[in-house]
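The values are calculated or read from the model by the stated rules, or taken from the named source; none is laboratory data. As the structure is a computational prediction, the values presented were derived from the model and not from experiment. No Cβ is skipped: glycine too gets one built from the backbone with ideal geometry, and neighbour counts run over all protein chains shown.
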Amino acid sequence: MMTSFLVRFAIVLSCLSVAAGLPAYAQQEPARSAPAVSTDPSAPAPGTAHTMAPPASVQAAPTAAAPAGAESGTRSGKSVATGLDELSPLGMFLKADMVVKAVMIMLALASVASWAILIAKSIEFSVLRRRLLGALRKLTGAKSLAEAQLALGHGRNVAAVLLQAAISEARLSAGLNSDEGIKERAASSFTEIVRAEARRVRVGMGLLATVGAISPFVGLFGTVWGIMNSFIGISKSQTTNLAVVAPGIAEALLATAIGLAAAIPAVIIYNHFSRVTKGYLELVNRASGAAGRLLSRDLDRSQVGIHVRAAE
């Protein structure tokens with residue numbers, strides 16, 4: 001089906017090309033076939049050998065005029081193309097001052113870093129959230145620390161770390177009579193683990209905040225520097241022609257545009273990951289509470305067992 005469509009399209013395009021070329025051919029053909037007929041009685045007959053040649057000035061005028069017009073058109077076209085190339089973002093960057101170029105390069109690198117953090121943190125939070133939700137379901141469904149440890153296995157998530165901290169505290173506090181002290185020490189360990197996890201998942205957020213805060217001012221510095229150089233060039237050239245002033249000012253304003261292009265996405269990405277981090281830490285706190293409940297449940301069972309054995 002695609003092949004037949006391409007064949008039909010080629011046929012239609014060929015017909016249109018032929019139809020477009022026919023009027024020009026029709027206009028040139030009568031000029032070639034129709035002979036010039038003179039009505040002047042003094043003109044020689046068509047078969048005579050002597051013909052009157054037009055003046056040399058008449059023949060030379062069109063020939064001389066055509067190259068001049070073509071040359072002027074070519075020059076104007078080249079100048080317009082050159083002007084457009086110079087006012088393109090790449091052309092303005094290449095013609096900018098070294099300080100302005102350095103500012104633009106730094107802002108471009110900062111923007112690339114922001115987008116790289118977006119991709120990396122999106123993948124990281126997706127994996128962490130999926131693992132933590134699965135571990136949280138296993139924690140809430142377990143009846144004891146041993147059962148939860150068997151269900152989680154050697155998982156690489158913060159829920160497994162919390163569970164291991166609860167088991168370690170229960171083992172280290174074996175033989176002590178105060179259950180409240182065990183719970184307090186376990187809660188302290190849980191708080192430290194949650195804080196460490198919060199610091200770990202916030203890696204890269206500081207760079208986003210820095211880029212979003214200072215990029216406009218860095219771009220403004222490049223703009224001020226470029227405009228200063230433009231005014232110095234105006235004073236040296238002693239002219240206020242807009243064609244002379246505009247390129248330098250445009251190069252300077254390009255730095256501010258790049259600064260805004262780096263700052264706006266960085267701020268949006270930072271706000272997005274602030275919300276994502278808050279939601280993830282809520283899940284971590286839920287896992288901490290689930291591990292604490294399992295520890296408390298095991299302690300209560302041990303106390304009941306002690307009382308039963310004492311009664312026997």
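For ILE123, indicate whether it is in a helix (DSSP H, G or I) and at pLDDT 90 or above.
Values: in a helix (DSSP H, G or I): yes; at pLDDT 90 or above: yes.
When the stated conditions are applied, ILE123 passes them.
Here are some residues: LEU254, LEU281, LEU294. Which one is crowded, with 17+ Cβ neighbours inside 10 Å, modelled with pLDDT of 80 or more, over 35 Å from the mean Cα position of the chain (by Cα) and assigned to a helix (DSSP H, G or I)?
Numbers: LEU254 fails: over 35 Å from the mean Cα position of the chain (by Cα); LEU281 fails: over 35 Å from the mean Cα position of the chain (by Cα).
Answer to the selection: LEU294.
Kindly indicate whether any position in segment 236-245 is under 24 Å from SER122 (Cβ atoms), assigned to a helix (DSSP H, G or I) and of a type in the set (Ser, Thr, Tyr).
Within segment 236-245, the first condition is being under 24 Å from SER122 (Cβ atoms), and the residues that meet it are none.
Taking every residue of segment 236-245 in turn, none turns out to be under 24 Å from SER122 (Cβ atoms), assigned to a helix (DSSP H, G or I) and of a type in the set (Ser, Thr, Tyr).
Is segment 223-242 home to any residue that is under 20 Å from the mean Cα position of the chain (by Cα) and under 15 Å from MET106 (Cα atoms)?
Our first condition is that a residue be under 20 Å from the mean Cα position of the chain (by Cα); within segment 223-242, this holds for none.
Scanning segment 223-242, I find no residue that is under 20 Å from the mean Cα position of the chain (by Cα) and under 15 Å from MET106 (Cα atoms), so the answer is no.
Need the failing condition index for LYS101 against (1) assigned to a helix (DSSP H, G or I); (2) without any contact (Cβ under 8 Å) to a residue 40 or more places away in the chain; (3) under 18 Å from ALA287 (Cβ atoms), just the number.
Of (1) assigned to a helix (DSSP H, G or I); (2) without any contact (Cβ under 8 Å) to a residue 40 or more places away in the chain; (3) under 18 Å from ALA287 (Cβ atoms), only one is false for LYS101: (3).
Tally time: how many residues in segment 156-172 are surrounded by fewer than 17 Cβ atoms within 10 Å (Cβ to Cβ) and either in contact with a Leu (Cβ under 9 Å, 6 or more places away or on another chain) or acidic (Asp, Glu) (or both)? Give the derivation first.
Here is the first cut: in segment 156-172, the ones surrounded by fewer than 17 Cβ atoms within 10 Å (Cβ to Cβ) are 156, 168, 171-172.
Now drop any that are not either in contact with a Leu (Cβ under 9 Å, 6 or more places away or on another chain) or acidic (Asp, Glu) (or both), which leaves none.
Selection size over segment 156-172: 0.
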